[in-house]
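What follows is a single structure, written as structure tokens, with notes after it.
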Amino acid sequence: MFYSLGRSLLFLVLCQKLAAAQDSIINSALFHDDELLKAGEEFLRTAASIQDQDKKPSVELDFYHGNHADKDLDMRPSKHEPEISEEEVDLRFNTFVTEPTFKTPKITIHNITEDRSQLAPGYYFYGPYETGAAGPQVFDQDGQLIYWGASQTHEPRIKNFLPCSYQGSPPTSHLCWSEVFHDAKYGHEYVTNHVLDNTYTPVHEPYGAISGWQFPNSHEYNMLPLGTSLIQAVYQIVPWNLSSYNGPEEGFVHDGCFQEIDTVTGAAVFSWCASDHFSLDSSYVYLDVPSQHNFTEAIAGNGSYKRSWDFIHLNAVDKLENGNYIVSARHFNSIFCVAGPSSAEPGKVLWHLGGKANEFEYLNDFAFSRQHHVRVVSQDSAKGTLSISLFNNGFNVRNSALLEGLASSGQIIRLDTAFKTAELLHEYIHPDSAAGWRASVTIAEGSMDVLGNGNAVLGWGSLPTLSEYSKQGDVLFHASYAGGHGRSYRVFKREWVGMPTWDAKMVVYKSERDSEAMWAYVSWNGATEVKAWRFAVDDKDIWVKVDKSGFETRADLRQFSGDVVHVQALDAQGNVIGATSTPIFIPAQSSLDANICGADRCIRGFEYNQGDSIAATVESSQSFAEVTSTTTTTTMNTDKHSSILPLLFVLGFLACIELVTGWCRSFIRKLWLRSGRLRSGRLRSGRFLAAKEEDREKAAAEAMGMGLLPLSRRGEGIRI
């Protein structure tokens, strides 16, 4: 009995090991077989397209559509990142040895001033999406990655990403961003609004639904200067009789609302909705009613619940010193002022700039339409004057033939609210305006960020470009991202000090143990203060300093020999601000033979801490006490599947034993039967087997009655 039990347990363990080895072999085969991979990817894409054919868009968002013959203006955002071919990955994205899971959009600089001092200090912040890889990204004026935060979000699409104040802290001490979700229940995208400190650690539960309202919308998340309150857009789906607009009698509208939220208590300080103050006739967009298509008017929904009429499209809110609010209504082509909670009539619309209800006289020749990202630049409450900035998308049609000669721009407008005059002070036109509207008209999204030194940064929304201008309008910086693919809602430039809690990452690579060449790759995602790296090997107190170069620095350590490499991160004063250690990686011969690994590194996406061999770890000496060691230990010179052969040998040996044992049992049984020793036992055993057979038939009948047996087995003899 003990022999049978032990044999069963041993077989169970061996089968589990063999199954794991089989999965590893299959994965390896898939990894090497490009044709099989491509076929699998094509199958998945085909299946996805078949499913998508049955899905209708949940809502017409703020993007306008061309007529049936012209698809150029179909700018609705996709809910998923597009599939990118392997050939295009290297063209569109940065990939790294130390961060094999990162795939960050490349920044291509088309124009940059020779005098870098003209650029405002700081880094560029944006949330690219529809690039093939979405997430919050920070980069410097050389286009080098500083921080990639896709791993810190549940959903890859991020909007309103910039440094902010929080509950009285300095204005660039925290990070704010909106994490975008899609849910047909709300007929639109919705967000949770986040706050992180400069270690990239969340400091508060995400701000979401307040006072029973639906979730906030991505079009506005504005942490006010002191960080004691924030403004967020909250779209509400409201029942509405739309029969007078050729829509359904029991229809729905997308009501543009916003709330100011106390960041400490989470309570709503002020709430406002457009439907309480505006007629639907103020809108420049119309219901999607096929019978009245003229292919020139913009449309936004058909009045159903999932495609409710987005008649106003509130997309920006800022607060004045006197407590009133400046609001942008994209579908009104208008900016208006709402009385704040401390005024005599809270919520009252005090004045209108632009649109059908315009009250201002324009002192010079300018216009704006379909605008985004309105912000207060300066104000004098006593005189009733203020300057505002906005992103002017600059079109009011949905037929591409009417867009010729147009270009999007950033504008700074001075308003005298007492005398109702408006004057354009500065305008920043897209640098590629000479190339035609397709290169310079932003159909959707867009931002303008006026900086402390007077410069302005413009994010061109659905055009995957961004620019920095001097106050005089000179283009100081112009770049595209992800090879000219994708979009970003808003782009900012701010100074920032990032001090992540996670360690720096390092890979040290030698193609062969006897090779003289040894390369170290090191990075520290989000760490802004690293200016140089200092390397040493084993317990030798000899350091080599290498200046930081881009996100990932590569250092030539061919003069060293040993097993473990240590690195220290140095700031501008030479202080050690971080450290890590790692054993030297030496690939298995199979990886070299398969061209997975080469002379100085392995292929893109290769996990250096898994699968192949790494040199044995050597304990750090006392001279490295200041180094925080995060050494990884694995077995040296071990091929990935070499342990399978012994398992197969043992399994074969046990199978031979099983055959011999079965032959012996059969021989002994025949001897016993011939001697007549089992006659009485056979009778007892026969009665027992007969009773057991009845139980079997009963169990089988019950199983067939419950549908637990396969149809092909019902009514047939069955063995249990």
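The values are calculated or read from the model by the stated rules, or taken from the named source; none is laboratory data. All values reported here derive from a predicted model rather than from experimental measurement. Here the Cβ positions follow ideal geometry from the backbone for every residue, glycine too, while neighbour counts run over all protein chains shown. What goes into the accessible areas is simple: the full protein's heavy atoms, side chains included, and nothing from ligands, DNA or RNA. Shrake-Rupley method; radii C 1.70, N 1.55, O 1.52, S 1.80 Å.
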Estimated FRET transfer efficiency when R0 is 22 angstrom, pair LEU402-ALA435 (beta carbons, to 0.05): 0.75
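How large is Rg/Rh for segment 197-307, to two decimals, with Cα atoms and a Kirkwood Rh? The partial results should precede the final answer.
Numbers: Rg = 17.7 Å, Rh = 16.2 Å.
Value, to two decimals: 1.09.
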Amide H contacts of TRP272 (H built 1.01 Å from N, under 5 Å, at least 5 apart or other chain): PHE258
In order through segment 516-521: 3J(HN,Hα) via Karplus (6.51 cos²θ - 1.76 cosθ + 1.60), integer Hz, x for Gly, Pro: 6, 6, 8, 10, 10, 10
Square roots of 5 times each gyration tensor eigenvalue, C-alpha, segment 327-462, largest first, Å: 27, 17, 13
Packing-based order for 411-422, 480-491, 113-124, using average beta carbon neighbours within 10 Å, highest first: 480-491, 411-422, 113-124
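Based on the Cβ-Cβ distance of ILE109 and SER342, what FRET efficiency does E = 1/(1 + (r/R0)^6) give at R0 = 60 Å, to the nearest 0.05?
Working: r = 47 Å, r/R0 = 0.78.
It comes to 0.80.
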Alpha carbon Rg of segment 386-468, scaled by the compact-globule rule 2.2 N^0.38 Å: 1.16
Peptide ranges 378-390, 97-109 listed from the most packed, as the mean C-beta count within 10 angstrom indicates: 97-109, 378-390
Amide H partners (placed H, <5 Å) of VAL289, local residues excluded: none
Separation in nanometres of the label points that stand 7 Å from Cα toward Cβ, at GLU250 and ASP276: 2.8 nm
Environment charge of ALA339, counting only residues whose C-beta is closer than 9 Å and scoring Lys/Arg +1, Asp/Glu -1: 0
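Applying a 10 Å radius around every beta-carbon, put 163-173, 322-332, 575-585, 539-549 in order of their mean neighbour count, most first. Walk me through the intermediate numbers first.
Details: 163-173: 17.5, 322-332: 23.1, 575-585: 20.3, 539-549: 13.2.
The densest-packed peptide leads the list: 322-332, 575-585, 163-173, 539-549.
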Exposure rank, largest accessible area first [HIS110, HIS426, HIS154, HIS194; 1.4 Å]: HIS154, HIS110, HIS426, HIS194
Full-extension gain in nm, SER151 to LEU226, via 0.36 nm per residue minus C-alpha separation: 24.1 nm
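Longer than 30 Å from Cα to Cα, which of LYS471/LYS545; LYS103/LYS306; LYS159/LYS505 are they? Say none if no pair is.
Values: LYS471/LYS545 40 Å; LYS103/LYS306 34 Å; LYS159/LYS505 28 Å.
From LYS471/LYS545; LYS103/LYS306; LYS159/LYS505, over 30 Å: LYS471/LYS545; LYS103/LYS306.
Which of rounded, prolate or oblate describes segment 112-207 when judged by the alpha-carbon gyration tensor and an a/c cut-off of 1.5?
Since a/c reaches 1.5 but b/c is at least a/b, the shape of segment 112-207 is classed as oblate.
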Karplus (6.51, -1.76, 1.60) ³J(HN,Hα), θ = phi - 60°, over segment 305-322, in Hz, Gly and Pro reported as x: 5, 7, 10, 4, 6, 8, 6, 10, 6, 5, 9, 6, 9, 10, 10, 8, 4, 7
Net length gained if the chain between PHE366 and ASP183 were fully extended (0.36 nm per residue, minus Cα distance): 62.0 nm
Rg/Rh for segment 297-371, where both radii come from Cα atoms and Rh is the Kirkwood radius: 1.04
Spin-label pair ILE603/GLU423, simplified geometry with 7 Å Cα→Cβ offset, distance in nm: 6.5 nm
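Kirkwood Rh over Cα pairs of segment 481-598 into Stokes-Einstein at 4 °C, 1.567 mPa s: D in µm²/s? Please list the in-between numbers first.
On the way: Rh = 16.2 Å.
Answer from the Stokes-Einstein relation: 80 µm²/s.
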Calculated diffusion of segment 437-511, Stokes-Einstein form, Kirkwood radius summed over Cα pairs, 37 °C and 0.692 mPa s, µm²/s: 224 µm²/s
Where the Cα pairs of segment 237-293 fall when distances are cut into 10 Å bins, in %: 19, 41, 22, 13, 5, 0
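Suppose accessible area is computed on protein heavy atoms with a 1.4 Å probe; arrange THR95, THR192 from highest to lowest. Walk me through the intermediate numbers first.
Details: THR95 50, THR192 25 Å².
If we order THR95, THR192 from most to least accessible, we get THR95, THR192.
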Inter-probe distance in nm under a simple model that places probes 7 Å from Cα toward Cβ, at THR199 and ASP539: 3.3 nm
Linear extension gain, ASP563 paired with ASP142, 0.36 nm per residue minus alpha-carbon span: 148.0 nm
Amide hydrogen neighbours beyond the local backbone of ASP563, cut-off 5 Å, H modeled: ASP538
